[in-house]
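These notes are about the structure you will find just below.
The values are calculated or read from the model by the stated rules, or taken from the named source; none is laboratory data. Treat the numbers as computed from the prediction; the structure is a model and nothing was measured. Every residue, glycine among them, receives a Cβ derived from its backbone with ideal geometry; neighbour counts consider all protein chains shown.
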Amino acid sequence: MKASDVATTTKTPKSTNGALLTEEDILKMSDKDYMNPAQLAFFKARLQQLERDLLRNADETTEHLRETVLVPDPADRATIEEEHALELRTRDRERKLLKKVQQSIASIDSGDYGWCEETGEPIGIPRLLARPTATLSLEAQQRRELKQKLYGD
């Protein structure tokens, strides 16, 4: 084992200045450090921030939709209704994402986060940085998408 490996295995979830680790810090860690307490703390903080953002967006949408503006012009009214429909579709996608975020936080708490549901292999830090709610490794996800393409849903 190299000296740099020892330094990363003994690292606490917080860096020396008390802040959470950065993406660069996590990417520099060795494979032996996969899903150590520092990485779990990083992803939990990221997921909790995403959860807060999604909930705030939902509240803003609710307030925005309550503000009913009566517009006499049918074209303007149609535009407003289309904007509301688009906003509701976006919130529906965010509602589904919120559920995945909450499931990911629960999997961190249970110790299952970062491991593929299908194969049990590591999902990988780069994939989790890009999609913190991922539950499948890249290979398992590609197999699932190919099956869906070939056989439908």
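Looking across region 101-116, just one residue is of a type in the set (Asp, Glu) and either buried (at least 20 other Cβ atoms within 10 Å of the Cβ) or part of a loop (DSSP other than H, G, I, E, B) (or both), and that is Asp112. In region 32-53, the residues that are farther than 14 Å from Ala106 by Cβ form Cβ pairs under 9 Å with partners that are in a helix (DSSP H, G or I) and aromatic (Phe, Trp, Tyr), at six or more places apart or across chains, as follows: Met35/Phe43.
Just a yes or no: is a residue in region 72-85 modelled with pLDDT of 90 or more and under 25 Å from the mean Cα position of the chain (by Cα)? Checked region 72-85: at least one residue is modelled with pLDDT of 90 or more and under 25 Å from the mean Cα position of the chain (by Cα).
Candidates Lys96, Lys44: the one that is under 30 Å from Glu24 (Cβ atoms), modelled with pLDDT of 85 or more and either in contact with a Leu (Cβ under 9 Å, 6 or more places away or on another chain) or among the charged types (D, E, K, R) (or both) is Lys44. Quick check, is Leu65 modelled with pLDDT under 90, of a type outside the set (D, E, K, R) and in contact with a Lys or Arg (Cβ under 8 Å, 6 or more places away or on another chain)? In short, no.
Before we move on, is Asp33 modelled with pLDDT of 70 or more and either under 17 Å from Arg127 (Cβ atoms) or exposed (fewer than 12 other Cβ atoms within 10 Å of the Cβ) (or both)? Yes, satisfied.
Taking the criterion of being under 18 Å from Leu47 (Cα atoms), assigned to a loop (DSSP other than H, G, I, E, B) and free of Cβ contacts under 8 Å to residues at least 60 places away in the same chain, the residues of region 117-151 that qualify are Ile123, Gly124, Arg131, Ala134, Thr135, Leu136. Looking across region 61-104, the residues that are under 26 Å from Ala130 (Cα atoms) and among the acidic types (Asp, Glu) come down to Glu87, Asp92, Glu94.
Of Ser104, Ser110, all but one fail to be touching a helix residue (DSSP H, G or I) at 6+ places or on another chain (Cβ under 6 Å) and small (Gly, Ala, Ser); the exception is Ser104. I'd like to check something: does region 57-68 contain any residue that is closer than 22 Å to Ile26 by Cβ and part of a helix (DSSP H, G or I)? No, region 57-68 contains no residue that is closer than 22 Å to Ile26 by Cβ and part of a helix (DSSP H, G or I).
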